[in-house]
Amino acid sequence: MRSTPAARVFHGLTALVAAFALLAQLVLTVQGSATLVEVDPPGLAERLFHLVSYFTILSNLLVLATTVAAARDPHVDGPVWRVLRLDAVVAITITGIVHWFLLRPLLDLAGWSYAVDKLLHVAVPLLAVVGWVLFGPRRRVDRRVVLLALVYPFVWLFYTLVVGALTGWYPYPFLDVGANGAAAVTVAALGIAVFLFALSALVWWLDRLLGPAPRAASEVAG
């Protein structure tokens, strides 16, 4: 089975943008750039720890890993890959939505910080979702994949709340128990859980509705 050239190019472009954005954010973090509302960044080790705790960074890493695989073989498959691919699509979609509606008003960035922020929160989500819609690979999602894919975001949420309770630092303001209270954060966490499940179910439905991604004529003939 030969690979679809357009799919390879699009997935490769998505991977390239994600890789550049992640590397640029790492450089900015090492240089001491503020993240979100941190006007007085902590030391390097703590900044790096914070960096890898952000859902945005983890989501972009998932997109990078899965689009590299899809660029190599647009019809890639496997039980682990199916879960990672669904995680990537759902997580990066949430990243874009939460950024646009909740976090964007809090940001006051300029220069490279602004550009990288838009790559991580806007460009990569758009590329990843459009790439999945146009090129798949689809018919990769079922009930088991949905349930397994939910493990990652719930583990992240649990980790975030535990780290916040121990250190007082939360990557996102709406999860800050100290500032918002346990009741408000519980409601936010439940809302996130419902949204995750609904979005995963939507991707599952679309995966069946859209059918297998189109192949090049040379592949069909072969």
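Of all residues in the stretch 142-173, which are surrounded by fewer than 16 Cβ atoms within 10 Å (Cβ to Cβ) and either among the aromatic types (F, W, Y) or touching a strand residue (DSSP E or B) at 6+ places or on another chain (Cβ under 7 Å) (or both)?
Answer for the stretch 142-173, where residues must be surrounded by fewer than 16 Cβ atoms within 10 Å (Cβ to Cβ) and either among the aromatic types (F, W, Y) or touching a strand residue (DSSP E or B) at 6+ places or on another chain (Cβ under 7 Å) (or both): F154, F158, Y159.
Looking only at the stretch 28-39, filter to residues that are in a loop (DSSP other than H, G, I, E, B) and within 19 Å of L103 (Cβ to Cβ); which one of those is modelled with the highest pLDDT?
S33
Check R139 against each of (1) modelled with pLDDT of 95 or more; (2) loosely packed, with under 15 Cβ neighbours inside 10 Å; (3) touching a helix residue (DSSP H, G or I) at 6+ places or on another chain (Cβ under 7 Å) and name the one condition it does not meet.
Single failed check for R139: (1).
Of all the residues that make up the stretch 81-120, how many are under 21 Å from F174 (Cα atoms), out of contact with any Leu (no Cβ under 8 Å at 6 or more places or on another chain) and not hydrophobic (A, V, I, L, M, F, W, C)?
If we filter the stretch 81-120 for residues that are under 21 Å from F174 (Cα atoms), which is where we start, we get 90-109, 117-118, 120.
Still in the running and out of contact with any Leu (no Cβ under 8 Å at 6 or more places or on another chain): 97-102, 104-105, 108-109, 118.
When the remaining residues are screened for being not hydrophobic (A, V, I, L, M, F, W, C), the result is 99, 104-105, 108, 118.
Of the residues in the stretch 81-120, 5 are under 21 Å from F174 (Cα atoms), out of contact with any Leu (no Cβ under 8 Å at 6 or more places or on another chain) and not hydrophobic (A, V, I, L, M, F, W, C).
Of the residues in the stretch 122-134, how many are hydrophobic (A, V, I, L, M, F, W, C) and surrounded by 22 or more Cβ atoms within 10 Å (Cβ to Cβ)?
Of the residues in the stretch 122-134, the ones hydrophobic (A, V, I, L, M, F, W, C) are 122-124, 126-130, 132-134.
Checking the rest, the ones that are also surrounded by 22 or more Cβ atoms within 10 Å (Cβ to Cβ) come to 124, 127-128, 132.
Here the count works out to 4.
Given the criteria closer than 25 Å to F101 by Cα and at pLDDT below 95, does P212 qualify?
In short, no.
Please work out which residue is farthest from V146 (Cα to Cα), limiting yourself to the stretch 56-80 and to residues that are among the small types (G, A, S) and out of contact with any Leu (no Cβ under 7 Å at 6 or more places or on another chain).
First, pick out the residues of the stretch 56-80 that are among the small types (G, A, S): 59, 65, 69-71, 78.
Pick out the ones that are also out of contact with any Leu (no Cβ under 7 Å at 6 or more places or on another chain) and you get 59, 69-71, 78.
Values: S59: 16, A69: 20, A70: 20, A71: 23, G78: 14 Å.
Restricting to residues being among the small types (G, A, S) and out of contact with any Leu (no Cβ under 7 Å at 6 or more places or on another chain), the top hit is A71.
With V141, V145, V163 as the choices, which residue is in a loop (DSSP other than H, G, I, E, B) and β-branched (V, I, T)?
Among V141, V145, V163, only V141 is in a loop (DSSP other than H, G, I, E, B) and β-branched (V, I, T).
Return yes when A184 is exposed (fewer than 15 other Cβ atoms within 10 Å of the Cβ) and at pLDDT 95 or above and no when it is not. Outline the logic, then answer.
Values: exposed (fewer than 15 other Cβ atoms within 10 Å of the Cβ): yes; at pLDDT 95 or above: yes.
Judged against the criteria, A184 is a match.
Answer yes or no: is there a residue in the stretch 71-81 that is of a type in the set (K, R) and either out of contact with any helix residue (DSSP H, G or I) (no Cβ under 6 Å at 6 or more places or on another chain) or part of a loop (DSSP other than H, G, I, E, B) (or both).
Checking the stretch 71-81: at least one residue is of a type in the set (K, R) and either out of contact with any helix residue (DSSP H, G or I) (no Cβ under 6 Å at 6 or more places or on another chain) or part of a loop (DSSP other than H, G, I, E, B) (or both).
Within 20 Å of the chain's Cα centre (by Cα), exposed (fewer than 13 other Cβ atoms within 10 Å of the Cβ) and over 28 Å from D207 (Cβ atoms): which single residue out of L23, L28 fits that description?
Just a single option satisfies the conditions, and that option is L23.
A quick yes/no check of all residues on (1) among the aliphatic types (A, V, I, L, M); (2) within 17 Å of S53 (Cβ to Cβ); (3) touching an Asp or Glu at 6+ places or on another chain (Cβ under 7 Å):
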site: L150; (1), (2), (3): yes, no, no
site: V155; (1), (2), (3): yes, yes, no
site: W169; (1), (2), (3): no, yes, no
site: Y172; (1), (2), (3): no, yes, no
site: G178; (1), (2), (3): no, yes, no
site: A183; (1), (2), (3): yes, no, no
site: A193; (1), (2), (3): yes, no, no
site: S200; (1), (2), (3): no, no, no
site: V203; (1), (2), (3): yes, no, no
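The values are calculated or read from the model by the stated rules, or taken from the named source; none is laboratory data. This one's a predicted model, so the numbers in the text were calculated from it and none came from an experiment. Positions of Cβ are backbone-derived with ideal geometry, glycine not excepted, and every protein chain shown enters the neighbour counts.
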